[in-house]
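Written below as structure tokens is the structure these notes are about.
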């Protein structure tokens, strides 16, 4: 039987998938692959175990993370009971409008229910729970302390042979796969794999946005009872270059991240860190830092911006290779989109694999179909993020970005006094609704009226 027809009968599984990288994106993808392949081999560079938390090589791993509402729903679908499991550890579940102190550039957002439920936790605990579940799946094998040396071709136009080496092995090993997943993150070697196979390297789109994060975790006093689970101040070009967030997380702690654009770098010493928090307009961040007891180190991470590898536009993209997570698209973490996008990419892959198994159509053509599906997932969050990020540039701002920035300013001005507009913004922010929701005639009329009123005054 030909290799691309190993699952030629409806319901049959393919033989092997190899996942290069065992971080968050690799784990959620391995969970999907376990439904469709008899063997899912995960090659993990670091010496992790099933109880390891945040991936050691993720530079932003120790900073505050947001899982948007749509991403939370996607993970719950892939890992039923995950939300309750985290809640038992003290990770709160709450309505985004009721339990958040959100300082927009125009003032505080309303505190009223919006019908969008979210949960806050550390990435450390999230990855620990996901890794434990994924490695318990019978189809999944993880090789820790293992480097992927290269991915090569068994036939022209495909990349499906993986050469790897574990730290304690004398020689490299090679394995053939029905599908190879690049989940190795922003340091991916995919350009080398393509070049070595005499295939064109995919173009990239890069939008710079130098944001520095400095983060610490604080134990909450036993008597601490607050009317919020998240306190946030957003940065907004050009006048608000500093921001921060404090999240209620598992084990009765606050996770705090302060961030600044360009030269506004939050310090890593306690006094300077607190002073930076005091410089923000939302006083609740500094208040919780003073009330709590810091645990562990203060971590700093600088993100240079957004980078999207346009594999879907590569006319000679090889068969049997796909990319997920940061290997495909790196987002500015300030918008909290990366975890959600990786989960939605895994969902998209799952839909394609289910359809092909039902139709017994094999895997040829899957890689291109997936890269186009992933591009559709990425397009909206990418546009939302980069339209804001380019506004930090002093010149050369494209007209669509200038309009989007202006429109956001009008929406923010309305939202602080109009709970209905705020609820729409929250749904778009959490990827639970398309951006067109903010261009509904009812909202558009309010935006125009506000702009004309301000112009007249």
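The values are calculated or read from the model by the stated rules, or taken from the named source; none is laboratory data. Only a predicted model underlies this, so the values are computations on that prediction, with no experimental measurement involved. Cβ sites come from the backbone with ideal geometry, for glycine too, and all protein chains shown count toward neighbours.
Taking interchain pairs and intrachain pairs at least six residues apart, which have beta carbon atoms under 6 angstrom, with the first residue in region 340-365 and assigned by TED's automatic domain parsing to the domain that holds residue 181 and farther than 17 Å from residue 77 by Cβ and the second modelled with pLDDT under 95 and not in a helix (DSSP H, G or I)?
357/7; 358/10; 360/8; 360/9; 360/10
Here are some residues: 275, 191, 227, 196. Which one is assigned by TED's automatic domain parsing to the domain that holds residue 148 and more than 25 Å from the chain's Cα centre (by Cα)?
On the way: 275 fails: assigned by TED's automatic domain parsing to the domain that holds residue 148; 191 fails: more than 25 Å from the chain's Cα centre (by Cα); 227 fails: assigned by TED's automatic domain parsing to the domain that holds residue 148.
Matching residue, one of 275, 191, 227, 196: 196.
Which one is farthest from the chain's Cα centre (by Cα), of the residues in region 53-101 that are more than 18 Å from residue 338 (Cα to Cα), part of a loop (DSSP other than H, G, I, E, B) and without any contact (Cβ under 8 Å) to a residue 24 or more places away in the chain?
Among residues in region 53-101 that are more than 18 Å from residue 338 (Cα to Cα), part of a loop (DSSP other than H, G, I, E, B) and without any contact (Cβ under 8 Å) to a residue 24 or more places away in the chain, the one farthest from the chain's Cα centre (by Cα) is 98.
Could you check residue 136 against (1) touching a residue at least 12 places away in the same chain (Cβ under 8 Å); (2) under 21 Å from the mean Cα position of the chain (by Cα) and say which number it fails?
The one condition residue 136 does not meet is (2).
Results for (1) surrounded by fewer than 24 Cβ atoms within 10 Å (Cβ to Cβ); (2) in contact with a strand residue (DSSP E or B) (Cβ under 8 Å, 6 or more places away or on another chain); (3) at pLDDT below 95, shown as yes or no for each residue.
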{"position": "9", "(1), (2), (3)": "yes, no, yes"}
{"position": "21", "(1), (2), (3)": "no, yes, no"}
{"position": "38", "(1), (2), (3)": "yes, yes, no"}
{"position": "51", "(1), (2), (3)": "yes, no, yes"}
{"position": "57", "(1), (2), (3)": "yes, no, yes"}
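Could you tell me whether any residue of region 356-366 is surrounded by fewer than 18 Cβ atoms within 10 Å (Cβ to Cβ), at pLDDT below 95, more than 24 Å from residue 261 (Cα to Cα) and out of contact with any helix residue (DSSP H, G or I) (no Cβ under 9 Å at 6 or more places or on another chain)?
yes
Please indicate, with yes or no, whether at least one residue in region 287-298 is in a strand (DSSP E or B) and not assigned by TED's automatic domain parsing to the domain that holds residue 231.
The answer is no; no qualifying residue exists.
Taking region 396-434, which residues are in contact with a helix residue (DSSP H, G or I) (Cβ under 6 Å, 6 or more places away or on another chain), farther than 22 Å from residue 445 by Cβ and outside any helix (DSSP H, G or I)?
Hits for region 396-434 are 397, 430, 431, 432.
Just checking, which of 89, 104 is outside the structural domain of residue 229 (by TED's automatic domain parsing), surrounded by 21 or more Cβ atoms within 10 Å (Cβ to Cβ) and at pLDDT 95 or above?
Step by step, each of 89, 104 is checked, and only 104 is outside the structural domain of residue 229 (by TED's automatic domain parsing), surrounded by 21 or more Cβ atoms within 10 Å (Cβ to Cβ) and at pLDDT 95 or above.
Does any residue of region 329-336 turn out to be at pLDDT 95 or above, out of contact with any helix residue (DSSP H, G or I) (no Cβ under 9 Å at 6 or more places or on another chain) and not in a helix (DSSP H, G or I)?
no
On the basis of being over 30 Å from residue 35 (Cβ atoms), exposed (fewer than 14 other Cβ atoms within 10 Å of the Cβ), without any contact (Cβ under 8 Å) to a residue 24 or more places away in the chain and in the same structural domain as residue 317 (by TED's automatic domain parsing), does residue 173 make the cut?
No, not satisfied.
Answer yes if at least one residue in region 102-110 is in contact (Cβ under 8 Å) with a residue 12 or more places away in the chain, in a strand (DSSP E or B), under 23 Å from residue 322 (Cβ atoms) and touching a strand residue (DSSP E or B) at 6+ places or on another chain (Cβ under 7 Å), and no otherwise.
Scanning region 102-110 turns up no residue that is in contact (Cβ under 8 Å) with a residue 12 or more places away in the chain, in a strand (DSSP E or B), under 23 Å from residue 322 (Cβ atoms) and touching a strand residue (DSSP E or B) at 6+ places or on another chain (Cβ under 7 Å).
With 280, 199 as the choices, which residue is in contact with a helix residue (DSSP H, G or I) (Cβ under 9 Å, 6 or more places away or on another chain), within 25 Å of residue 95 (Cβ to Cβ), at pLDDT 95 or above and assigned to a loop (DSSP other than H, G, I, E, B)?
280
Name every residue in region 227-236 that is part of a loop (DSSP other than H, G, I, E, B) and either in contact with a strand residue (DSSP E or B) (Cβ under 8 Å, 6 or more places away or on another chain) or free of Cβ contacts under 8 Å to residues at least 12 places away in the same chain (or both), in order of residue number.
Those that are part of a loop (DSSP other than H, G, I, E, B) and either in contact with a strand residue (DSSP E or B) (Cβ under 8 Å, 6 or more places away or on another chain) or free of Cβ contacts under 8 Å to residues at least 12 places away in the same chain (or both): 228, 229, 234, 235.
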